[in-house]
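One structure is given here, and the rest of the page talks about it.
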Amino acid sequence: MERRDFIKFSLGGIILAAISPYLKAGKAFAAEAVEKLSKTDAEWKKLLTSAQYDVLRQEGTERPFTSPLLDEHREGIFACVACDLPLFPSKYKFDSGTGWPSFFDSIPGHIETKSDYKIIVPRTEYHCARCGGHHGHVFDDGPKPTGLRYCNNGVVLKFIPKGA
(Lines give C-alpha, C1' and ligand atoms only; values in the text may rest on other atoms or scores of the structure.)
Protein backbone atom coordinates (compact mmCIF):
# COMPACT_ATOMS: atom_id res chain seq x y z
CA MET A 1 0.00 0.00 0.00
CA GLU A 2 1.34 3.41 -0.92
CA ARG A 3 1.70 6.08 1.72
CA ARG A 4 -0.92 8.26 -0.01
CA ASP A 5 -3.53 5.44 0.09
CA PHE A 6 -2.70 4.71 3.71
CA ILE A 7 -3.32 8.38 4.62
CA LYS A 8 -6.65 8.42 2.71
CA PHE A 9 -7.91 5.26 4.45
CA SER A 10 -6.72 6.51 7.84
CA LEU A 11 -8.45 9.88 7.43
CA GLY A 12 -11.63 8.15 6.29
CA GLY A 13 -11.60 5.97 9.40
CA ILE A 14 -11.00 8.96 11.66
CA ILE A 15 -13.86 10.90 10.08
CA LEU A 16 -16.20 7.92 10.34
CA ALA A 17 -15.29 7.45 14.01
CA ALA A 18 -15.87 11.15 14.66
CA ILE A 19 -19.35 11.25 13.11
CA SER A 20 -20.57 7.80 14.19
CA PRO A 21 -22.22 9.06 17.41
CA TYR A 22 -24.39 11.30 15.24
CA LEU A 23 -25.57 8.49 12.97
CA LYS A 24 -28.89 6.98 14.01
CA ALA A 25 -28.41 3.28 14.65
CA GLY A 26 -30.83 0.65 13.43
CA LYS A 27 -32.34 2.59 10.52
CA ALA A 28 -33.76 0.40 7.79
CA PHE A 29 -34.02 3.36 5.42
CA ALA A 30 -31.31 5.70 4.22
CA ALA A 31 -32.05 9.43 4.17
CA GLU A 32 -32.64 10.67 0.68
CA ALA A 33 -33.12 14.06 -0.88
CA VAL A 34 -36.79 14.72 -1.49
CA GLU A 35 -37.86 16.86 -4.42
CA LYS A 36 -40.25 19.60 -3.27
CA LEU A 37 -43.76 19.80 -4.69
CA SER A 38 -45.40 23.19 -5.05
CA LYS A 39 -49.08 23.85 -5.78
CA THR A 40 -51.29 26.89 -5.45
CA ASP A 41 -53.91 27.06 -2.73
CA ALA A 42 -56.59 26.59 -5.40
CA GLU A 43 -54.87 23.44 -6.69
CA TRP A 44 -54.69 21.99 -3.15
CA LYS A 45 -58.40 22.73 -2.59
CA LYS A 46 -59.28 20.83 -5.79
CA LEU A 47 -57.04 17.89 -4.91
CA LEU A 48 -57.95 17.40 -1.22
CA THR A 49 -61.16 16.81 0.72
CA SER A 50 -62.17 19.64 3.06
CA ALA A 51 -60.92 17.64 6.10
CA GLN A 52 -57.59 16.89 4.40
CA TYR A 53 -57.18 20.52 3.34
CA ASP A 54 -57.91 21.72 6.89
CA VAL A 55 -55.19 19.51 8.39
CA LEU A 56 -52.55 19.65 5.63
CA ARG A 57 -52.80 23.29 4.55
CA GLN A 58 -54.39 25.02 7.59
CA GLU A 59 -52.59 22.95 10.28
CA GLY A 60 -55.88 21.73 11.74
CA THR A 61 -56.47 18.60 13.82
CA GLU A 62 -58.99 15.82 13.27
CA ARG A 63 -61.07 14.57 16.18
CA PRO A 64 -59.42 11.70 18.10
CA PHE A 65 -60.61 8.11 17.56
CA THR A 66 -62.13 8.94 14.15
CA SER A 67 -59.45 7.52 11.85
CA PRO A 68 -59.91 4.01 10.44
CA LEU A 69 -56.10 3.80 10.36
CA LEU A 70 -56.10 3.33 14.14
CA ASP A 71 -57.11 -0.28 13.48
CA GLU A 72 -54.71 -0.81 10.55
CA HIS A 73 -52.23 -3.52 11.56
CA ARG A 74 -51.13 -5.02 8.22
CA GLU A 75 -47.59 -4.80 6.92
CA GLY A 76 -47.04 -1.83 4.62
CA ILE A 77 -46.31 1.87 4.42
CA PHE A 78 -48.19 4.94 5.62
CA ALA A 79 -47.78 7.74 3.05
CA CYS A 80 -48.84 11.38 2.70
CA VAL A 81 -52.29 11.47 1.11
CA ALA A 82 -51.44 14.64 -0.86
CA CYS A 83 -48.20 13.58 -2.57
CA ASP A 84 -47.73 9.83 -1.87
CA LEU A 85 -44.38 10.31 -0.07
CA PRO A 86 -43.84 7.33 2.26
CA LEU A 87 -43.57 8.62 5.85
CA PHE A 88 -43.82 5.63 8.19
CA PRO A 89 -43.37 1.88 7.74
CA SER A 90 -46.04 -0.12 9.58
CA LYS A 91 -43.39 -1.66 11.85
CA TYR A 92 -42.98 1.80 13.50
CA LYS A 93 -46.69 2.05 14.38
CA PHE A 94 -47.88 1.55 17.96
CA ASP A 95 -51.06 2.10 19.98
CA SER A 96 -50.47 5.27 21.98
CA GLY A 97 -54.02 5.38 23.37
CA THR A 98 -54.32 9.01 22.20
CA GLY A 99 -56.85 8.41 19.43
CA TRP A 100 -54.50 9.23 16.55
CA PRO A 101 -52.25 6.88 14.55
CA SER A 102 -48.86 7.01 16.28
CA PHE A 103 -45.36 6.01 15.21
CA PHE A 104 -42.08 5.85 17.13
CA ASP A 105 -39.94 6.80 14.12
CA SER A 106 -40.19 8.05 10.53
CA ILE A 107 -38.41 7.45 7.25
CA PRO A 108 -35.26 9.63 7.33
CA GLY A 109 -35.52 12.79 5.25
CA HIS A 110 -39.28 12.45 4.67
CA ILE A 111 -40.39 14.59 7.63
CA GLU A 112 -39.50 18.20 8.45
CA THR A 113 -40.18 19.87 11.80
CA LYS A 114 -40.77 23.33 13.19
CA SER A 115 -41.75 24.83 16.53
CA ASP A 116 -45.45 25.41 17.22
CA TYR A 117 -46.68 27.83 19.92
CA LYS A 118 -50.44 27.75 19.12
CA ILE A 119 -51.34 26.48 22.59
CA ILE A 120 -48.64 28.65 24.25
CA VAL A 121 -46.68 25.56 25.33
CA PRO A 122 -44.02 24.89 22.67
CA ARG A 123 -44.51 21.73 20.62
CA THR A 124 -42.71 20.25 17.63
CA GLU A 125 -44.89 20.15 14.56
CA TYR A 126 -43.99 17.96 11.59
CA HIS A 127 -44.69 18.22 7.90
CA CYS A 128 -44.26 16.10 4.79
CA ALA A 129 -40.86 16.94 3.29
CA ARG A 130 -42.23 16.81 -0.29
CA CYS A 131 -45.47 18.84 -0.19
CA GLY A 132 -45.06 20.65 3.13
CA GLY A 133 -48.40 19.34 4.40
CA HIS A 134 -48.94 19.40 8.17
CA HIS A 135 -49.32 15.90 9.64
CA GLY A 136 -49.15 16.31 13.39
CA HIS A 137 -46.79 16.74 16.33
CA VAL A 138 -43.89 14.74 17.70
CA PHE A 139 -43.54 14.20 21.44
CA ASP A 140 -40.86 12.57 23.60
CA ASP A 141 -43.19 10.14 25.39
CA GLY A 142 -43.03 7.24 22.94
CA PRO A 143 -41.67 3.70 23.28
CA LYS A 144 -38.13 2.45 22.79
CA PRO A 145 -35.95 2.53 20.82
CA THR A 146 -36.48 6.24 20.01
CA GLY A 147 -38.71 7.42 22.86
CA LEU A 148 -40.63 9.49 20.28
CA ARG A 149 -44.33 9.59 19.43
CA TYR A 150 -45.24 10.96 16.02
CA CYS A 151 -48.93 11.71 16.58
CA ASN A 152 -50.44 11.81 13.09
CA ASN A 153 -53.80 12.93 11.79
CA GLY A 154 -55.13 9.80 10.08
CA VAL A 155 -57.14 11.78 7.53
CA VAL A 156 -53.89 12.89 5.86
CA LEU A 157 -52.32 9.43 5.67
CA LYS A 158 -52.96 6.64 3.24
CA PHE A 159 -52.01 3.04 3.88
CA ILE A 160 -50.27 1.06 1.15
CA PRO A 161 -50.23 -2.67 1.97
CA LYS A 162 -47.00 -4.58 1.36
CA GLY A 163 -46.90 -5.92 -2.19
CA ALA A 164 -49.49 -3.47 -3.50
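The values are calculated or read from the model by the stated rules, or taken from the named source; none is laboratory data. Please read these numbers as outputs of a predicted model, since none were measured by experiment. Backbone-built Cβ (ideal geometry, glycine too); neighbour counts: all protein chains shown. The protein model used for the area step is the full one, side chains on, heavy atoms only, and it has no ligands, DNA or RNA in it. Shrake-Rupley method; radii C 1.70, N 1.55, O 1.52, S 1.80 Å.
So that you can scan it fast, the table gives a plain yes or no per residue for (1) open to solvent by less than 50 Å² (accessible area, probe 1.4 Å); (2) among the polar types (S, T, N, Q):
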position	(1), (2)
Ser96	yes, yes
Pro122	no, no
Glu125	yes, no
Cys131	yes, no
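Going by the conditions given, is Ser115 under 18 Å from Ile160 (Cα atoms) and of a type in the set (S, T, N, Q)? For Ser115, the condition - under 18 Å from Ile160 (Cα atoms) and of a type in the set (S, T, N, Q) - is not met. Considering region 42-100, the residues that are β-branched (Val, Ile, Thr) and not in a strand (DSSP E or B) include one that is nearest to Gly163 (Cα to Cα), namely Val81. Here Asp105 meets the list (1) more than 19 Å from His134 (Cα to Cα); (2) surrounded by 19 or more Cβ atoms within 10 Å (Cβ to Cβ); (3) of a type in the set (D, E, K, R) almost entirely, failing just condition (1). Screening region 148-164 for residues that are farther than 19 Å from Ser67 by Cα and in contact (Cβ under 8 Å) with a residue 24 or more places away in the chain and picking the one that is most open to solvent (accessible area, probe 1.4 Å) gives Lys162.
The condition of being modelled with pLDDT of 95 or more and in contact with a strand residue (DSSP E or B) (Cβ under 8 Å, 6 or more places away or on another chain) does not hold for Lys45.
Looking only at region 111-156, residues that are within 14 Å of Trp100 (Cα to Cα), more than 11 Å from the chain's Cα centre (by Cα) and assigned to a strand (DSSP E or B) come to 1 in all.
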